[in-house]
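Note sheet for the following structure.
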Amino acid sequence: MGTNYYRVPKVDEVNERYAKLHMRLQEMDRWDPSLIESDYRFIEDPEDEWSTLSPWDEFVGGMNIHLGKRSGGWKFCWNFHNGKYYNTKEELLNFIRKGRVVNEYGEQIDVEEFIEMALNWGQPDGMVADKEYFDKTEHHRWMSNPEDYYDKEIDGLRVSSSTEFS
């Protein structure tokens, strides 16, 4: 059992997003049959040239970013989202400090307290999902390429090989 942590925006950013949402809703023709048919998806998705977003999708997109997970006996496991928001430890810490941190139960945690906890969790001898761990636990038996599942190390941080974990 563990606890997941998320970065959510500060109030000013939420207010900016809300103002943009409000503007989009005021400007769109909510009676337009083609907009209704497309679920009001008319905003180009900056991450996928073949997709469109609704004003609500744009408002909530990237608002709740999974930072990582704390689990007993393990080093803290960071989620780097394949470089979508940050690529280095310094960028990660700056990203966290520009927002707020909440756990999976919706409890807000002081940003600096979270950073200190996460950097120290499971140190120095917490477990890491690496070759030694997989060999010892024989998890590799069902995997065609077990190394694809090994944790990575980025700037001394344990980083999950997957972006989808909790």
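Here are the numbers:
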item	result
Where Cα atoms sit under 28 Å apart: lysine pairs in the chain separated by 8 or more or lying on different chains	29
The chain, accessible surface, carbon-and-sulfur percent (1.4 angstrom probe)	48
D_trans [Stokes-Einstein, Kirkwood Rh over alpha-carbon pairs] for region 1-50, 25 °C, 0.890 mPa s, µm² s⁻¹	177
Point-to-point label distance, E116-W56, nm (Cα→Cβ direction, 7 Å offset)	4.1
Calculated [θ] (222 nm, deg cm²/dmol) that DSSP helices of n ≥ 4 give over the chain, each run adding -39,500 (n - 2.57)	-9000 deg cm²/dmol
Using alpha-carbon coordinates, inclination of helix 111-120 to the longest axis of the chain, degrees	30
Residue-normalised accessible area of region 47-166, given per residue in Å² at a 1.4 Å probe	61
Expected-Rg normalisation [2.2 N^0.38 Å, Cα atoms] applied to region 74-166	1.18
Which labelled figure in (i) -0.34, -0.76, -1.12, -1.35; (ii) -0.20, -0.53, -1.03, -1.39; (iii) -0.24, -0.63, -1.21, -1.61 is log10 I(q)/I(0) by the Debye sum over Cα atoms at q = 0.08, 0.13, 0.18, 0.21 Å⁻¹, once derived from the coordinates	(i)
Stretchable slack from M23 to K10, in nm (0.36 nm times residue separation minus alpha-carbon distance)	2.6 nm
Region 152-159 - phi-based ³J(HN,Hα) in whole Hz, Karplus 6.51/-1.76/1.60, Gly and Pro as x	9, 10, 10, 6, x, 9, 7, 10
Inter-site label distance for N64 and E37 at 7 Å from Cα along Cβ, in nm	3.3
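The values are calculated or read from the model by the stated rules, or taken from the named source; none is laboratory data. All of these numbers come straight from a predicted model, not from anything done at the bench. Methodologically, a virtual Cβ is constructed for each residue, glycine included, from the backbone with ideal geometry; neighbour enumeration extends over all protein chains shown. Just the protein is used for accessible areas: all its heavy atoms, side chains included, with ligands, DNA and RNA removed. Shrake-Rupley method; radii C 1.70, N 1.55, O 1.52, S 1.80 Å.
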